[in-house]
Amino acid sequence: KITLRVLGRGQEFVKILGESVNLAQLQKQINQTLAPRVSEYENVLVALEEERQGAFLCCCLLEKYQNIIEEVKDLLKVYNQTVLPFQKVSHICLIPEIPRTELQKIKWNELKDLAWKNMKHHGTKVYF
């Protein structure tokens with residue numbers, strides 16, 4: 001007898017350094033870490049593709065958090081100490097808004113494009 005357990009939607013998983021990463025699960029952990037300072041509706045974990053690692057994790061925040069970016073970096077460093085190396089957030093991206101549909105679902109392709117564009121201007125690397 002085979003038991004099949006659904007872990008989430010395909011779009012919630014990404015390969016980083018050959019490992020399968022569940023973005024939804026990590027988003028919950030990040031929300032808990034940032035909860036004292038950042039609303040869960042104003043940050044989104046996104047995997048941005050690159051050749052070397054396959055992808056890297058970027059925490060997209062609304063630009064209004066610019067004034068507490070150092071505190072957010074410190075909180076993400078704490079988060080990074082609790083996860084496996086391939087689950088670590090390596091960048092923070094400040095964006096004007098999180099693109100959403102009328103039903104408030106995230107428009108992932110638009111978010112990724114926005115993240116790349118804004119990282120080139122003022123992306124922040126989280127060093128750990």
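What is the percent carbon and sulfur in the accessible area of the chain, measuring with a 1.4 Å probe over the protein chains and ignoring ligands? Answer for the chain: carbon and sulfur cover 50 percent of the accessible area.
Only DSSP H runs of four or more residues enter the estimate; each adds -39500 (n - 2.57), and after division by the residues of the chain the mean residue ellipticity at 222 nm equals -9500 deg cm²/dmol. The stretch between Asn109 and Phe13 holds 33.1 nm of extra length on full extension. This uses 0.36 nm per residue minus the Cα-Cα distance. The mean sequence separation of alpha-carbon pairs under 8 Å and at least six residues apart, normalised by the residue count of segment 1-101, gives a relative contact order of 26 percent. Overall size of segment 1-119 from C-alpha positions, given as principal axis extents largest first: 55, 36, 30 Å.
The values are calculated or read from the model by the stated rules, or taken from the named source; none is laboratory data. Since this is a predicted model, take the numbers as computed values, not measurements. These area figures cover heavy atoms from the full protein model, side chains too; ligands, DNA and RNA do not enter into them. Shrake-Rupley method; radii C 1.70, N 1.55, O 1.52, S 1.80 Å.
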